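Encoded as structure tokens, the structure appears first; notes follow it.
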Amino acid sequence: MLSSLELDSGSHVAVIGGGPAGSFSAYFLLQIAQRAGLDLRVDIYEPRDFSVAGPKGCNMCGGIISESLVQNLAAEGITLPATVVQRGIDSYLLHMDVGSARIETPLQEMRIAAVHRGAGPRGIQGEMKYRGFDGYLLDLALAKGAHLVRKKVENVGWQDGRPSVKTQDGCQEACDLLVVAVGVNSTAAKLFEGWTSAYRPPQTTKTYICEFWLGEETIRKHLGSSMHVFLLNIPRLEFAALIPKGNYVTVCLLGRDIDKALVQSFLDSPEVRQCLPPNWQPPDDFCRCSPRLNTHGALHPFADRVVFVGDCGVTRLYKDGIGAAYRTAKAAAVTAVFEGVSAENFRRHFWPTCQSICTDNRIGKLVFAVTRQIQRQRFLRRGVWRMVNREQDKEGGHRRMSMVLWDTFTGSAPYRDVFLRSLHPSFLGHLLWEVVAGIQPFNTTRGRKGIQ
Amino acid sequence: MTTGALGKLHADGEVIVRQGEVGGCMYVIQGGQVEVLLRKGDSAVCVAVLGEGDFFGEMALFDQEVRSATVRARGEVRLLTLEKKSFLRRIHEDPSLAFRIMEKMSHRIRELNGALKAALGRRNVLR
């Protein structure tokens, strides 16, 4: 047993939660420790089986792996296989009542991955040729040397100044470091409310996600390899997206008090209907969930020998939650191996990563407030639509609005970058021009299709 | 067609990077193989074949020199591009991202040392 607040060969790390934050934590702890010549024992406590279809094996999320995370993982040597990536995304289509605009990636590459977090939706139809992202990451961590404890954690406590984990079968074991990666949707999250004196759980809102089976050919024909983003002036709806997967399309809605009527109103809107097969109607029964989504990060997500990573700590606002899990897990692992596992170590070396995400989220709130105004004002929607189309029609040149929208909706860049780029005089000048030109009775976009 | 493949597909024989040209990115192989060719005069020698998970073009990230070799698709190959500016920025935020590149570069230096040692050995035998 080690009494110092440092990890050494033989140290025991318990990771609660086998989602991306937990798997990344175990993976990087073992990788960095191996590089530093330490032999750690890492146990991942995860009762769920991610190979089971439906809610039992799903971590409830839209299932988008951002461009920046795909690239970071590639640099780490983690190549996402085609059996996990259900569809490579190379563009997105922005749909508004004034028209639609396609925005392509700069190199026409499939740079975003659409995945299922679990094995697939409840009642999955057809051959299960894809595997879930969470199961894939967990297997990577196990291949690195982590051990899977397939038991539910019933309680956490302290034993001789070290955190201890008690499972449902009554087994209790102390560890040198406890990594908490329980997200915000599991019952395990409640174990930590008030457990350490300073930790305050994150604030959340509810979102709505559902899956519809359309079949691979229909998806290819109607949705292609594009993410479809909707800025519609529907009351209570803030943001909506259709994400094509292998045989399924994932519908993600963000807004206030999302109920059946709001979902139906979204699905019935002409902008959505044009993306789906004619006369298509949602089936009576389909896989759906209303997971919580962070709006404000946790306070003090660390203590002596304890660190909170992923959603139960600090994550990005609305987008790229898996990317934030990767960043916080890696920062925690680097701190634990090289600096130590005291609260002070985490405050000095792990917390700056969380703070940088929190600061960026504050700017993100401003970006989404502007997006809400665009959503509500038709003249602004028309100005944005005209500017994007003009940029996409033109070969080369700066695609300022396209890139601002791309990074806002895909989460591929920090909100700070998006905000600063939107303050560029050329961006503001062009937008002003397009807004004014859109209001004018004469048409300044002759030959452009679909102008209204 | 595979719907879940990432990156961009390059046809058999397509030149991805050309020796002597200025490079602004590195590539990670998502699927398939590429061959690394060293040109000397009119002839070219294949010095390596790289496969899934390997990367090339990384020297362009760290120096301002031109590409040191030509890389050509060997059969269909799928590549993911990491642009210099954005990737360097990420390395500045998280230096450990460069660890694997350094590891690979170190491995290549060892291989070159081995090849040099073998060549010097042959020369001594000839003397």
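Numerical summary
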read-out: Filtered residues of the stretch B:30-54 (kept if of a type in the set (Lys, Arg) and exposed (fewer than 13 other Cβ atoms within 10 Å of the Cβ)); value: B:Lys40
read-out: Conditions (1) closer than 17 Å to A:Cys61 by Cβ; (2) surrounded by 19 or more Cβ atoms within 10 Å (Cβ to Cβ); number of the one not met by A:Val306; value: (1)
read-out: Qualifying positions in the stretch A:164-203 - part of a loop (DSSP other than H, G, I, E, B) and surrounded by fewer than 15 Cβ atoms within 10 Å (Cβ to Cβ); value: A:Gln168, A:Asp169, A:Gly170, A:Cys171, A:Glu193, A:Gly194, A:Ser197, A:Ala198
read-out: Boolean, B:Phe62 is among the aromatic types (Phe, Trp, Tyr) and surrounded by 19 or more Cβ atoms within 10 Å (Cβ to Cβ); value: no
read-out: Failed item in (1) under 26 Å from A:Met128 (Cα atoms); (2) in contact with a Leu (Cβ under 7 Å, 6 or more places away or on another chain), with A:Ile64 passing the rest; value: (2)
read-out: Selection count, the stretch A:253-311, where residues are of a type in the set (S, T, N, Q) and assigned to a loop (DSSP other than H, G, I, E, B); value: 5
read-out: Residues of the stretch A:221-252 satisfying the condition of being assigned to a loop (DSSP other than H, G, I, E, B) and either surrounded by fewer than 23 Cβ atoms within 10 Å (Cβ to Cβ) or not polar (S, T, N, Q) (or both); value: A:Leu223, A:Gly224, A:Ser225, A:Leu231, A:Leu232, A:Asn233, A:Ile234, A:Pro235, A:Arg236, A:Lys245, A:Gly246
read-out: Filtered residues of the stretch A:247-258 (kept if farther than 18 Å from A:Thr204 by Cβ and over 19 Å from the mean Cα position of the chain (by Cα)); value: A:Asn247
read-out: Residue within the stretch A:278-287 that is in contact with a Pro (Cβ under 8 Å, 6 or more places away or on another chain) and surrounded by 18 or more Cβ atoms within 10 Å (Cβ to Cβ) present; value: yes
read-out: Residue that is aliphatic (A, V, I, L, M), touching a Lys or Arg at 6+ places or on another chain (Cβ under 8 Å) and within 29 Å of A:Met128 (Cα to Cα), where the choices are A:Leu93, A:Leu73; value: A:Leu93
read-out: Options A:Glu339, A:Glu395: the member that is assigned by TED's automatic domain parsing to the domain that holds A:Phe427 and acidic (Asp, Glu); value: A:Glu395
read-out: Residues of the stretch A:307-324 that turn out to be closer than 17 Å to A:Ala189 by Cβ and within 14 Å of chain B (Cβ to nearest Cβ), as a count; value: 1
read-out: Residues of the stretch A:324-363 satisfying the condition of being within 14 Å of A:Val306 (Cβ to Cβ), surrounded by fewer than 24 Cβ atoms within 10 Å (Cβ to Cβ), touching a residue at least 60 places away in the same chain (Cβ under 8 Å) and not small (Gly, Ala, Ser); value: A:Asn345
read-out: Residue match in the stretch A:342-354 (condition: out of contact with any His (no Cβ under 8 Å at 6 or more places or on another chain), at pLDDT 95 or above, of a type in the set (A, V, I, L, M) and under 20 Å from A:Ser197 (Cβ atoms)); value: yes
read-out: The one condition in (1) closer than 26 Å to A:Ile243 by Cα; (2) in the same structural domain as A:Glu173 (by TED's automatic domain parsing) that A:Tyr45 fails to fulfil; value: (1)
read-out: Evaluation of A:Arg111 against (1) of a type in the set (D, E, K, R); (2) crowded, with 24+ Cβ neighbours inside 10 Å; (3) closer than 30 Å to A:Ser11 by Cβ (one fails), failing number; value: (3)
read-out: Leading residue by the ranking (surrounded by the fewest Cβ atoms within 10 Å (Cβ to Cβ)) among those in the stretch A:312-323 that are touching a Pro at 6+ places or on another chain (Cβ under 8 Å) and assigned to a helix (DSSP H, G or I); value: A:Cys312
read-out: Residue check, A:Gly10 within 14 Å of chain B (Cβ to nearest Cβ), out of contact with any His (no Cβ under 8 Å at 6 or more places or on another chain) and either surrounded by fewer than 24 Cβ atoms within 10 Å (Cβ to Cβ) or on the phi > 0 side of the Ramachandran plot (or both); value: no
read-out: The stretch A:85-100, subset more than 7 Å from chain B (Cβ to nearest Cβ) and among the β-branched types (Val, Ile, Thr), residue surrounded by the most Cβ atoms within 10 Å (Cβ to Cβ); value: A:Ile89
read-out: Filtered residues of the stretch A:52-77 (kept if within 9 Å of another protein chain (Cβ to nearest Cβ) and part of a loop (DSSP other than H, G, I, E, B)); value: A:Gly77
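The values are calculated or read from the model by the stated rules, or taken from the named source; none is laboratory data. None of these values were measured; they are calculated from a predicted model. Note: ideal-geometry Cβ built from the backbone for every residue, glycine included; neighbour counts use all protein chains shown.
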